[in-house]
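Below is one structure, written out as structure tokens, with a few remarks after it.
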Amino acid sequence: MTNAVMPTYARADVAFERGEGPYIFDTNGRRYLDFGAGIAVNVLGHAHPTLVKALNAAGSKLWHTSNLYRIPAQENLAATLTAHSFADMAFFGNSGAEANEGAIKVVRKYQSANGRPERYRIITFEGAFHGRTLATLAAGRQQKHLAGFGPVVDGFDQVPYGDLAAAKAAITRETAGFLVEPIQGESGIRVPPPGFLKGLRALADEHDLLLAFDEVQTGLGRTGKLFGYEYDGVKPDVMALAKALGGGFPIGAVLATMKAGVGMTAGTHGSTFGGNPLAAAVANAVMSEILAPGFIERAAKVGERLKSGLDDLMRKHGNKLTEVRGRGLMLGLKVQGDMGKLIDVLRGNGLLVVSAGDNVIRLLPPLIIDEAHVSEGLGILDRSLRDFTP
Ligand SMILES: *Cc1c(COP(=O)(O)O)cnc(C)c1O
């Protein structure tokens, strides 16, 4: 069969037609344990009854109205997100890149609304990934993503991740703020040194800059806490969310404090689809599950169990694995040898995982997995590592 899809992805030759909890079934009826979860998206697994019910209820009532009118489900979602975070307000879009674009705009607007339009530059960090729009590409500054798409959008300065002294030295009269992932996902589950985010907070306060966190991947329970920033005892001024927020339905959000969002008045930003009744209804259902008492604590425990199992595997297959990284159910395995080949072996043995930079395999299972799924996944990893010749 010819394929008319623009070939921008290196896809594995497998297609899925059905999912159930942490399992997914391909078009030949083969079952896989899904520890990729659509790249940290299917936070409640596949076909979760609460989400199916919410989608069907909203789907037979009202899909879309535009943001020319009030949207009660969207207001409800904003109330939930702000009640459980640092933020006072939320803007809704459809993806992680759009959420980061919004965050970048909030940072710039804050400075200009305070009479300092010359402050428009944002300091970002090597290895960052913020999305594939022109501004978020410039923010991430990965050569492999930027090639051929120049000129690069102006307004971003990059320093090494985790390097507070470099971040401080990069501040100029034109700096507006910082944009940073509490744990870098795409570049290989890189956890910053303790004190790094706190140090950025202090620098931001000292220079009246805004601190923006990209929690598109780390947010909503993934790291074992509702937000990744909770580990560091600091709060941002702005935050981008997406991936898990719709549990598979496309929706993203920019959260901001009242202070940071001061310039975001009527007409300054918008999105036709953002937070429409259908998307907001599904996201409300996701949030009700994630915020249920004990849900995240349970996922954090399961994450610890998975991590200690991975540590055991590293001891056993020390010539093929060199490091276990991450928090909660956002875990990385640094591989010695051909990572792509190992991912294929794993899939052949019934386990889906996601590649990342630095030769790291990401394990991002749905947060609903239990000990039995952990054992099953570890068993497949063990067998696959035995069969894998680097
Ligand atoms: C996935 C991701 C994005 C981009 O999200 P899209 O929905 O693909 O636009 C941005 N930032 C981080 C940290 C991500 O993991």
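Computed values, structure above
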item	result
Residue list for region 205-219, filter: among the aliphatic types (A, V, I, L, M), without any contact (Cβ under 8 Å) to a residue 40 or more places away in the chain and within 15 Å of the ligand (Cβ to nearest atom)	none
D214 being of a type outside the set (A, V, I, L, M, F, W, C) and open to solvent by 10 Å² or more (accessible area, probe 1.4 Å)	no
Region 113-130, residues that are of a type in the set (G, A, S) and in contact with a strand residue (DSSP E or B) (Cβ under 9 Å, 6 or more places away or on another chain)	G127, A128
Any hit, region 137-155, residues being touching a residue at least 24 places away in the same chain (Cβ under 8 Å), more than 13 Å from the ligand (Cβ to nearest atom) and of a type in the set (A, V, I, L, M, F, W, C)	no
From the options A83, A73, A79, A87, residue that is under 22 Å from the mean Cα position of the chain (by Cα) and open to solvent by less than 30 Å² (accessible area, probe 1.4 Å)	A87
The listed residue being among the charged types (D, E, K, R) and touching an Asp or Glu at 6+ places or on another chain (Cβ under 8 Å), out of D26, D34, D88, D13	D26
Hits in region 243-260 (condition: of a type outside the set (A, V, I, L, M, F, W, C) and more than 22 Å from the chain's Cα centre (by Cα))	K259
The one condition in (1) open to solvent by 10 Å² or more (accessible area, probe 1.4 Å); (2) among the small types (G, A, S); (3) touching a residue at least 60 places away in the same chain (Cβ under 8 Å) that A253 fails to fulfil	(1)
Failed condition for H64, given (1) over 20 Å from I290 (Cα atoms); (2) open to solvent by less than 40 Å² (accessible area, probe 1.4 Å)	(2)
Every pair of residues 6+ apart whose Cβ atoms lie under 7 Å, when the first sits in region 220-238 and is within 19 Å of R362 (Cα to Cα) and open to solvent by 30 Å² or more (accessible area, probe 1.4 Å) while the second is of a type outside the set (G, A, S) and not in a loop (DSSP other than H, G, I, E, B)	K225/Y231; K225/I296
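The values are calculated or read from the model by the stated rules, or taken from the named source; none is laboratory data. Every value quoted in this text rests on a predicted model; they were computed, and no experiment measured them. A quick note on method: Cβ atoms are made from the backbone with ideal geometry, for glycine too, and the neighbour counts reach across all protein chains shown. Areas reflect the complete protein model, heavy atoms only, side chains present, ligands, DNA and RNA absent. Shrake-Rupley method; radii C 1.70, N 1.55, O 1.52, S 1.80 Å.
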